[in-house]
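The block underneath contains the structure these notes are about, expressed in structure tokens.
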Amino acid sequence: MELWSLLPVPVQSLIATVLIILPLLGVVAWYTYAERKVIGYMQVRIGPNRVGWRGLLQPIADALKLMMKEIIIPTQANKQLFLIAPMISIIPALAAWAVIPFDAGLVLADINAGLLYVLAMTSLGVYGVIIAGWASNSKYAFLGSLRAAAQIVAYEIAMGFALVGVLVAAGSLNFSAIVMAQQGGVWHWFWLPLLPLFGVYYISGVAETNRAPFDVAEGESEIVAGFHVEYSGMAFAIFFLAEYANMVLIAMLTTLMFFGGWLSPFQGIPVLESLFAGVPGIIWLLIKTFFFMFTFLWLRATFPRYRYDQIMRLGWKVFIPITIVWILVVALAVVFEVSPWWSATA
Amino acid sequence: MGFEKLLFYIFAAVTLFAASMVITRRNPVLSALYLVMAFVSSAALWLLLEAEFLGIVLILVYVGAVMVLFLFVVMMLNIDVATLRARFIHYLPLGLIVAGIMVFDMFLVLGPADFGLDQFAKPQSQPADYNNTAALGQILYTTYLYQFEIAAVILLVAIVAAIRLTLRHRPETKYQDPSNQVRVRKGSDRVRLITMPAEPVPPSLTATLGATHTEMTE
């Protein structure tokens, strides 16, 4: 600990960043494996099972394969933008992790406006998609990027309103404060008083990451692969990484804002609380996050793709009114100190 | 302090570079993307001024939403550079006049008398736990409540007007109304089950029960 405080601050931040990014990339790599395996079992197949024990080394094989491949740049494509686009999509996906707390006090940048920062970073990711589609000089890619742009603008409003509800409920934009406002066991977490906002947030998150059933931006049965149809090799892999990093991020944010983050679900329950007292907070956080990551895959294996006008209708005509009404309800509940969530003692 | 100054110069240079690229690029998509870059770097400048709420909201609103819509439109334009260039000389005098007025205005505001470090006191730096967002909300919803509400109503009017102006019902477009489709119920709207008495079979056909379909329907 003493050695740590002796290090200059930039070096500390650098080490902390590496400690966040490396496990994240590991999770992302094996998340792709988990997706193929889980969807495989849901469709009564085995999934990847050749590389390593039960196919566990499949992500490494995939990464090696993609690194060996040539990056083909289409003729008439805007070369600079074509190559910048994957970077623009991965950088915000990783940068958003700077404000995520993994346990009490275990956070890289404990800033006041953490919630806003995350919302701003996730809204930047769409530029990668738009630029990729435009710079490829391809009709399918362009259609994909137009779809992505319209979809993301629609769902970001609902997402932002859902976060306003969280902000009203917690009285802070800081993630640690939001988690601490949910203390007191499962029934004190915000998923219960903010149930409609939780639903809207999670579904908007699925839409924002362009995942099935909202994957019209890369709908393979309609526009081949959408915005990344012209990409190959590592340039494609970066898009892939960004998408999965965003999914992990959405799962983590849902956990932090609606499911009590690192708090134990057994708080306040007599026997169970002491029984599980030794479990570190980060374990609870990861268990909850992995559940929501699994839900992403579950959704993909369950639902067919939405039609485009239905996506727009859901975003504008269903989600936004729901969130506006529920923000009002939450604000009234906070003003009148509805127990047990906003009682004056808490 | 030195590091902060370095950051300021970097972001200021990027802002100036991006802003000049916005007006010199021929391709409007590139111009829009450079505008995004200018927004991001000026947001960084605001962060250096400890205005983190404004900085992040600049990215969230302008970069995350407004410029996405802007790009959406600009990307679909089919712009012919030749016609643009032909009109360049035509509009040049007017453009020069407007530019001249702007420069004169800027000179009045930012002239040597009103410019320089002694004119602008260094903003006081706040302690680390100072909450910019809460302070801004406090001011907006108390001191400037009326102005804030009036601005909100003006924006609402603009939204309603914009929607009314662009909303056209064109009867020739074949449009599926999702709300009608959603309202379809499982039972009666999809399949109609009717009860009817069995058709009497003509006695001539009862003899040839294994008759072909065409004969049956006669």
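Does segment A:110-117 contain at least one residue that is of a type in the set (Val, Ile, Thr) and either surrounded by 20 or more Cβ atoms within 10 Å (Cβ to Cβ) or closer than 30 Å to A:ARG313 by Cβ (or both)?
The answer is no; no qualifying residue exists.
Here are A:LEU124, A:LEU167, A:LEU94: which of them is open to solvent by 20 Å² or more (accessible area, probe 1.4 Å), within 8 Å of chain B (Cβ to nearest Cβ) and under 19 Å from the mean Cα position of the chain (by Cα)?
A:LEU124
When the residues of segment A:170-180 are filtered to those that are crowded, with 20+ Cβ neighbours inside 10 Å and not hydroxyl-bearing (Ser, Thr, Tyr), which remaining residue is nearest to the other protein chains (Cβ to nearest Cβ)?
If we take residues in segment A:170-180 being crowded, with 20+ Cβ neighbours inside 10 Å and not hydroxyl-bearing (Ser, Thr, Tyr), then A:LEU173 is nearest to the other protein chains (Cβ to nearest Cβ).
If B:VAL68 meets every condition in (1) closer than 23 Å to A:THR122 by Cα; (2) modelled with pLDDT under 90; (3) open to solvent by 40 Å² or more (accessible area, probe 1.4 Å) apart from one, which number is that one?
Only one criterion in (1) closer than 23 Å to A:THR122 by Cα; (2) modelled with pLDDT under 90; (3) open to solvent by 40 Å² or more (accessible area, probe 1.4 Å) is unmet by B:VAL68, namely (3).
Go through (1) open to solvent by 50 Å² or more (accessible area, probe 1.4 Å); (2) over 26 Å from A:PHE319 (Cβ atoms); (3) facing another protein chain (nearest Cβ under 10 Å) and name the single condition A:ILE131 misses.
(1)
Out of all the residues in segment B:53-61, is one or more over 29 Å from the mean Cα position of the chain (by Cα) and more than 21 Å from A:ALA148 (Cβ to Cβ)?
no
Go through the residues of segment A:108-120 one by one and say whether even a single one is away from every other protein chain (no Cβ under 14 Å) and of a type outside the set (Lys, Arg).
yes
Restricting to segment B:29-53, and then to whatever is over 21 Å from B:VAL74 (Cβ atoms) and touching a residue at least 24 places away in the same chain (Cβ under 8 Å), can you tell me which residue is most open to solvent (accessible area, probe 1.4 Å)?
B:LEU49
Conditions first: (1) farther than 30 Å from A:VAL18 by Cβ; (2) within 12 Å of chain B (Cβ to nearest Cβ); (3) over 16 Å from the mean Cα position of the chain (by Cα). A:GLY160 passes all but one, so which condition is the exception?
If we test A:GLY160 against (1) farther than 30 Å from A:VAL18 by Cβ; (2) within 12 Å of chain B (Cβ to nearest Cβ); (3) over 16 Å from the mean Cα position of the chain (by Cα), just (3) comes out false.
Take A:ARG300 and tell me if it is under 23 Å from A:GLY165 (Cα atoms), part of a helix (DSSP H, G or I) and open to solvent by 50 Å² or more (accessible area, probe 1.4 Å).
no
Tell me which residues, restricted to segment B:131-182, are over 20 Å from A:MET312 (Cβ atoms) and either within 11 Å of chain A (Cβ to nearest Cβ) or among the basic types (Lys, Arg) (or both).
Passing the criteria: B:ASN131, B:ASN132, B:THR133, B:ALA134, B:ALA135, B:LEU136, B:GLY137.
The conditions are (1) closer than 19 Å to A:ILE282 by Cβ; (2) under 18 Å from the mean Cα position of the chain (by Cα), and A:ILE15 fails exactly one of them. Which is it?
The failed condition is (2).
Which condition breaks for B:ARG26 when tested against (1) open to solvent by 70 Å² or more (accessible area, probe 1.4 Å); (2) at pLDDT below 80; (3) over 30 Å from A:ARG147 (Cβ atoms)?
The failed condition is (3).
Filter segment A:79-91 down to the residues that are open to solvent by less than 40 Å² (accessible area, probe 1.4 Å) and within 12 Å of chain B (Cβ to nearest Cβ), then identify the one that is nearest to A:PHE161 (Cα to Cα).
That would be A:ALA85.
Take the residues of segment B:71-80 that are within 9 Å of chain A (Cβ to nearest Cβ) and without any contact (Cβ under 8 Å) to a residue 40 or more places away in the chain: which is surrounded by the fewest Cβ atoms within 10 Å (Cβ to Cβ)?
B:MET76
The values are calculated or read from the model by the stated rules, or taken from the named source; none is laboratory data. What you see is a predicted model; the values in this text were computed from it and never measured. Every residue, glycine among them, receives a Cβ derived from its backbone with ideal geometry; neighbour counts consider all protein chains shown. The protein model used for the area step is the full one, side chains on, heavy atoms only, and it has no ligands, DNA or RNA in it. Shrake-Rupley method; radii C 1.70, N 1.55, O 1.52, S 1.80 Å.
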